[in-house]
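J.: What follows is a structure written as structure tokens; I'll ask about it next.
The values are calculated or read from the model by the stated rules, or taken from the named source; none is laboratory data. Everything numeric here is computed off the predicted structure, so don't read it as measured data. All Cβ positions, glycine included, derive from the backbone under ideal geometry; neighbour counts span all protein chains shown.
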Amino acid sequence: MNEILEQKQQLVRCIRMLERSGIMDYNGHASIRLPEGRMLINIGNCQRSQLTVDDICTIDLDGNIIEGNGKPPLEFHLHAGVYKVRSDVDAVIHCHPNWSTILSTAGVEYLPVYAQGSLVYPLPVLDSPDSINNPVMAKRLTDSLGDGPAALMKAHGAATVGKTIVDAFVLLNYLEDNSQRQYMSAQIGTPYCFTAEELALCREKLWNDTLFKRTWDHFSAKLDAGA
Ligand SMILES: [Zn+2]
């Protein structure tokens with residue numbers, strides 16, 4: 001199988017898993033960097049739950065379509081902006097998940113209340129709910145992101161980045177799961193926030209390719225099972 005097709009299939013799987021988990025709604029998008037200033041990204045107008053490789057297009061960093069049917073999402077600027085300034089990143093996901101967005105809408109700081117969720121802590125917040133549909137907003141987002149793996153956008157959504165789409169997918173799941181646990185625990189008490197020592201231990205034990213692959217495989221098997 002050629003490499004581009006394999007990457008398209010991975011992107012399709014990622015988006016379908018996120019949709020099935022309720023993390024991605026009708027607006028989310030994910031991309032994989034290609035050589036020579038190009039990327040694979042899902043077209044804006046597609047059914048995430050029924051996505052196929054035909055819904056993945058190739059664009060350059062200005063949004064020009066190089067291959068594929070349909071137009072990239074209006075927020076392709078977010079992906080292009082990250083690829084311009086982060087040579088360590090080859091995959092980006094952006095969507096509008098409920099729990100983490102509720103935190104930023106309410107102005108509540110994301111806290112590490114769950115081991116896996118600590119991997120994206122501290123989690124910066126872009127102080128604007130505006131769509132990332134132009135280079136100026138993309139710059140604001142990448143400034144907030146810095147050299148980290150994730151950022152929230154106030155009352156809007158979340159973005160995760162990684163060396164691979166597996167990394168970005170797994171981190172988004174951890175981020176959203178942690179946010180839900182933080183929200184729910186705040187309903188009945190005071191959420192327990194991990195200490196610096198506990199955070200260091202979590203990073204040492206949990207940030208590795210084997211565990212990331214296991215998380216991806218868990219959701220991937222559920223997708224195949226129709227669960
Ligand atoms: Zn958005």
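J.: Do you know which of the residues in segment 1-18 that are within 16 Å of the chain's Cα centre (by Cα) and either within 15 Å of the ligand (Cβ to nearest atom) or at pLDDT below 95 (or both) is surrounded by the most Cβ atoms within 10 Å (Cβ to Cβ)?
T.: Residue satisfying both the conditions and the ranking: Ile15.
J.: Quick one: would you say Gly44 is in contact with a Leu (Cβ under 8 Å, 6 or more places away or on another chain) and in a loop (DSSP other than H, G, I, E, B)?
T.: yes
J.: Another question, then. Which of the residues that make up segment 63-78 are surrounded by 23 or more Cβ atoms within 10 Å (Cβ to Cβ) and hydrophobic (A, V, I, L, M, F, W, C)?
T.: Phe76, Leu78
J.: Right, here's the next one. Looking only at segment 91-129, which residues are touching a strand residue (DSSP E or B) at 6+ places or on another chain (Cβ under 6 Å) and surrounded by fewer than 21 Cβ atoms within 10 Å (Cβ to Cβ)?
T.: Passing the criteria: His96, Pro124, Val125.
J.: Oh, and also: Please work out which residue is nearest to Asn2 (Cα to Cα), limiting yourself to segment 47-76 and to residues that are part of a helix (DSSP H, G or I) and not small (Gly, Ala, Ser).
T.: Filtering segment 47-76 for residues that are part of a helix (DSSP H, G or I) and not small (Gly, Ala, Ser), the one nearest to Asn2 (Cα to Cα) comes out as Val53.
J.: Of everything in segment 110-164, what is part of a loop (DSSP other than H, G, I, E, B), within 25 Å of Leu40 (Cβ to Cβ) and in contact with a Pro (Cβ under 6 Å, 6 or more places away or on another chain)? Give them in sequence order.
T.: Passing the criteria: only His156.
J.: Might you check whether a residue that is part of a helix (DSSP H, G or I), within 16 Å of the ligand (Cβ to nearest atom), out of contact with any Asp or Glu (no Cβ under 6 Å at 6 or more places or on another chain) and over 20 Å from Leu111 (Cα atoms) occurs anywhere in segment 202-209?
T.: Looking through segment 202-209, none of the residues is part of a helix (DSSP H, G or I), within 16 Å of the ligand (Cβ to nearest atom), out of contact with any Asp or Glu (no Cβ under 6 Å at 6 or more places or on another chain) and over 20 Å from Leu111 (Cα atoms).
J.: State all residues of segment 105-132 that are among the acidic types (Asp, Glu) and within 16 Å of the ligand (Cβ to nearest atom); if no residue qualifies, say none.
T.: Asp127, Asp130
J.: Ok, one more. Quick one: how many residues across segment 28-64 are out of contact with any helix residue (DSSP H, G or I) (no Cβ under 7 Å at 6 or more places or on another chain) and either on the phi > 0 side of the Ramachandran plot or within 16 Å of the ligand (Cβ to nearest atom) (or both)?
T.: 5
J.: Further question on the same structure: Got a number for residues in segment 183-201 being touching a helix residue (DSSP H, G or I) at 6+ places or on another chain (Cβ under 7 Å) and assigned to a helix (DSSP H, G or I)?
T.: Total meeting the criteria: 2.
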